[in-house]
Amino acid sequence: MPSLTLDSVVHVYSRGEVRALDGIDLQIGAGELVALIGQNGSGKTTLVRHLNGLLRPTTGRVLLDGADLARHTVAQLARSVGLVFQDPASQIFAGSVRAEVEFGPRNLGMGGAGLREAVDEALAAVGLESEGRTNPYDLGSSRQKLLALASVLAMRTPILILDEPTTGQDLRGVATVRGVIGDAHAAGRTVIAISHDMEFVASTFDRVIVMRAGTLILDGPPASVFAEPAWEALRSTYLEPTLAARAGARLGLGSTPTDASLIDALRQEPQPS
Amino acid sequence: MLTLDAVTYRYAGAPRPSLLEVSLELREGEVLGVVGASEAGKTTLCLVVSGLAPRTVGGTLSGRILLDGEEIGPLPIHALAARIGIAFASPATQLSGVAGTVYEEIAFGPMNLGLPRAEIIERTERAMASLRVEALAARDPERLSGGQQQLVAIAGLLAMRPSHLVLDEPTAQLDPAGTTLVAEALARLAQDGASILITEHKTDLLAAICSRVVALEAGRAALSGAAGEVLDDPRLAELGVAAPSRVRLVRSARSADLPTKAIERLAEVLV
């Protein structure tokens, strides 16, 4: 299983207005479950686009399994890293939902029963199994996003990157995305997701990385990134800890980043007699 | 004031209507929240309320839509555009595509209203300040992040100062700080008398700024009432809508069989 390394990565977009990435050093091991958070424009999308070779560092290196990404072929990368864009429109093009999902794995050389199985599984994972013949453009925007997710899932890449997967999803859609991430993690795949939803981040991921102006300012499990000592750093980039984290701190219960951890802490609290 | 009276709307070729007998009133100075599962009719409602459907997207409509007492059907689109501003979930559909800088993009609307130069400048700068995008003024709108584009698109809308605003998931791509800025800007506009209709999945935001909330289910208004009541309604989950964090946290604490004392302490710190 591959690991990812960023070694002093700087990225300056062609017009040179901004250093979108300003010297990133980061290692993500195989099978990790990582959330990437930070303000709009802090470099999250730019960073993940370096992980599948869509963008190349201006200086520095990106390594997949210790080998420089620049030396991987497009086909090798496509087999290893699946990236689901924030906006499904930049991804969808086929005439039917099924054809859309088949495209990626077919390009990886899959066919016959294996292809059928991969596509069925991906469609079922996002709840689109009965929409195989539907034109993708007849789906609402939230289901188009789930379709874009399915097309990347079907490629069965060991690394799965999701750019704001819950945006525009209703309660059920968010549960679907959470399920997909959980299943991918259980299967040993590396999952990296960008999100602005702190509750979703705290309750879904093992590791949270916080970006500010092209740099990494916090990196750790939700219990430390949302703990009181980290609030100043979070707020320096206009992020707020979750409601549960704030309530837990006010009650003197320590770090309780999620509803569940807060309720556990309340339950274990010694009762005044 | 905008009034919908038993409005039913069906897209061209659709097997069933996307809105069914929807009646609602958007009063002056009010923020009305619209929630519902995906494909419950939220975006369609925005298109219908702003006069874009059926006018530009086709389909058939029955019932009446009144803008300050006047049927919107016969009003020319430019007259409507000056009075009802609309923002879409995806900023890409919103940006003019002709502006080379963020400043020009935001000034585009007021310029089209034919306002005097000084007023265009004043409105543009004020809109930029209210959403804190001044630092982006000289940047190319096409080269911003998705969230920055969304803020710029909303700033452009604010600069037109329409008396009615229709916003379809305006904060979808925004970070928490951007979401708060938009919420504050909308609350200020409503205080100044604007009527605002907003669809959102972020019920925390709606709880903060709405006076009333309507929940749609398959094109019908399934729940409707004071924001506090609708957002606290346990039926919201069946409609595919997440409760605000506060409501959800207290509810999970209650169902977790915690000692009453612990629930009380929790409720206290959540106020």
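The values are calculated or read from the model by the stated rules, or taken from the named source; none is laboratory data. These numbers come from a predicted model, not from an experiment. Cβ atoms come from the backbone with ideal geometry, glycine included; neighbour counts cover every protein chain shown.
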State all residues of the range B:234-245 that are more than 8 Å from chain A (Cβ to nearest Cβ) and surrounded by 19 or more Cβ atoms within 10 Å (Cβ to Cβ); if no residue qualifies, say none.
B:Leu236, B:Leu239, B:Ala243, B:Pro244
Of A:Ala244, A:Ala265, the only residue that is under 16 Å from B:Ala262 (Cα atoms), in a helix (DSSP H, G or I) and in contact with an Asp or Glu (Cβ under 9 Å, 6 or more places away or on another chain) is A:Ala244
Which residues, taken from the range A:9-23, are closer than 13 Å to A:Arg56 by Cα and surrounded by 13 or more Cβ atoms within 10 Å (Cβ to Cβ)?
A:Val9, A:Val10, A:His11, A:Val12, A:Tyr13, A:Ala20, A:Leu21
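Residues are listed down the side, and each one gets a yes or a no for (1) without any contact (Cβ under 8 Å) to a residue 60 or more places away in the chain; (2) basic (Lys, Arg); (3) over 25 Å from B:Ala187 (Cβ atoms); (4) out of contact with any helix residue (DSSP H, G or I) (no Cβ under 8 Å at 6 or more places or on another chain):
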| position | (1), (2), (3), (4) |
| --- | --- |
| B:Glu70 | yes, no, yes, yes |
| B:Ala118 | yes, no, yes, yes |
| B:Thr124 | yes, no, no, no |
| B:Ala137 | yes, no, no, no |
| B:Pro141 | yes, no, yes, no |
| B:Ala155 | yes, no, no, no |
| B:Leu167 | no, no, no, no |
Residue check for A:Val126: within 19 Å of A:Gln169 (Cα to Cα), more than 21 Å from the chain's Cα centre (by Cα), buried (at least 19 other Cβ atoms within 10 Å of the Cβ) and not hydroxyl-bearing (Ser, Thr, Tyr):
no
Looking at the range B:87-120 only, could you name the residues that are touching a Phe, Trp or Tyr at 6+ places or on another chain (Cβ under 6 Å) and buried (at least 20 other Cβ atoms within 10 Å of the Cβ)?
B:Gln94
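Residues checked against (1) crowded, with 20+ Cβ neighbours inside 10 Å; (2) on the phi > 0 side of the Ramachandran plot; (3) of a type in the set (Val, Ile, Thr):
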{"residue": "B:Leu167", "(1), (2), (3)": "yes, no, no"}
{"residue": "B:Gln173", "(1), (2), (3)": "yes, no, no"}
{"residue": "B:Gly178", "(1), (2), (3)": "yes, no, no"}
{"residue": "B:Ala183", "(1), (2), (3)": "yes, no, no"}
{"residue": "B:Gln191", "(1), (2), (3)": "no, no, no"}
{"residue": "B:Glu200", "(1), (2), (3)": "yes, no, no"}
{"residue": "B:Asp204", "(1), (2), (3)": "yes, no, no"}
{"residue": "B:Val213", "(1), (2), (3)": "yes, no, yes"}
{"residue": "B:Glu217", "(1), (2), (3)": "no, no, no"}
Given B:Thr179, B:Thr203, which one is among the hydroxyl-bearing types (Ser, Thr, Tyr), farther than 20 Å from B:Leu2 by Cβ and modelled with pLDDT of 95 or more?
B:Thr203
Are there any helices (runs of 4 or more DSSP H) wholly within the range A:1-119 with 3 or more residues that are more than 14 Å from every other protein chain (Cβ to nearest Cβ), and if so which?
A:74-80, A:97-107
Can you pull out the residues in the range B:32-48 that are within 10 Å of chain A (Cβ to nearest Cβ), among the small types (Gly, Ala, Ser) and at positive phi?
B:Gly36
Among the numbered conditions (1) over 16 Å from the mean Cα position of the chain (by Cα); (2) crowded, with 21+ Cβ neighbours inside 10 Å, tell me where B:Gly33 comes up short.
(1)
Which one of A:Val81, A:Val101, A:Val97, A:Val126 is more than 30 Å from B:Tyr11 (Cα to Cα) and not basic (Lys, Arg)?
A:Val81
Residues that are within 19 Å of B:Gly69 (Cα to Cα), at least 3 per element: which strands (runs of 3 or more DSSP E) completely within the range B:1-51 meet that?
B:2-10, B:19-26
Being within 11 Å of chain A (Cβ to nearest Cβ), free of Cβ contacts under 8 Å to residues at least 12 places away in the same chain and closer than 25 Å to B:Cys46 by Cα narrows B:Thr93, B:Thr179 down to just B:Thr93
Conditions first: (1) within 11 Å of chain B (Cβ to nearest Cβ); (2) within 26 Å of A:Glu232 (Cβ to Cβ); (3) surrounded by fewer than 24 Cβ atoms within 10 Å (Cβ to Cβ). A:Gly214 passes all but one, so which condition is the exception?
(1)
The range A:120-150, residues that are of a type outside the set (A, V, I, L, M), part of a loop (DSSP other than H, G, I, E, B) and under 18 Å from A:Arg178 (Cβ atoms)
A:Gly127
Which members of the range B:231-271 meet the condition of being at pLDDT below 90, under 17 Å from B:Ala208 (Cβ atoms) and part of a helix (DSSP H, G or I)?
B:Leu270
